[in-house]
Amino acid sequence: GTHTPATSQIMESVQRALDESRGAISALSRPLDEPFSVVLAQTAEEVTRRMGANLEVDVDKSVQVPAEWEEALPRIVREAVANAVRHGGARTVRLHLSNGDGVSVRVIDDGQGFDVTQPQPDGSFGLTSMRERAEALGGELKVSSSPGGGTSVEIALP
């Protein structure tokens, strides 16, 4: 197409803003007593359904997260799942929520993957904002991927 990089970055920002506002709206309309695992799974489900991918969910229903993560995690997950489908061309995305050595959330996709050692086009995966969001709360965000091998995004809570 005739999209210049600037245009596609603007489109990307618009899309992200839309994703965020949709998320804010659905966050407002959900019952507050739902277990966090359900909220997280629904967030991922919303994105995959809208974008036409499959979601596999493997969540530990007993996981509790600190209040400040209750809002941040679904937003990071929403972005990670959207990236997997939009950029990675993933058909299936798996969401894991577990509490082993501290709470961990993983979004694993079967998309085309990328070379994590190469600098990514700025903002292309929204990884920077996801990472900043996680680190601002004392957690860490780890991405592993290889071309043709899908991508895994893990958020480890402090």
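The figures follow:
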| quantity | calculated |
| --- | --- |
| Qualifying residues in the stretch 89-103 (those that are without any contact (Cβ under 8 Å) to a residue 60 or more places away in the chain and within 13 Å of the chain's Cα centre (by Cα)) - the one most open to solvent (accessible area, probe 1.4 Å) | R94 |
| Check on E135, at pLDDT 90 or above and open to solvent by 90 Å² or more (accessible area, probe 1.4 Å) | yes |
| Contacts under 8 angstrom Cβ, first residue in the stretch 123-136 being within 11 Å of A80 (Cα to Cα) and among the charged types (D, E, K, R), partner open to solvent by less than 60 Å² (accessible area, probe 1.4 Å) and at pLDDT 80 or above, 6 or more apart | R131/L141 |
| From the options G126, G111, residue that is in contact with a helix residue (DSSP H, G or I) (Cβ under 8 Å, 6 or more places away or on another chain), at pLDDT 90 or above and open to solvent by less than 20 Å² (accessible area, probe 1.4 Å) | G111 |
| Scan of the stretch 35-88 for residues that are open to solvent by 20 Å² or more (accessible area, probe 1.4 Å), β-branched (V, I, T) and not in a helix (DSSP H, G or I), ordered by number | V57, V59 |
| Flag if T117 is outside any helix (DSSP H, G or I), of a type outside the set (G, A, S) and surrounded by fewer than 18 Cβ atoms within 10 Å (Cβ to Cβ) | yes |
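The values are calculated or read from the model by the stated rules, or taken from the named source; none is laboratory data. Because the structure is a prediction, the values reported are computed rather than measured. Neighbour counts run over all protein chains shown; Cβ positions are idealised from the backbone, glycine included. Just the protein is used for accessible areas: all its heavy atoms, side chains included, with ligands, DNA and RNA removed. Shrake-Rupley method; radii C 1.70, N 1.55, O 1.52, S 1.80 Å.
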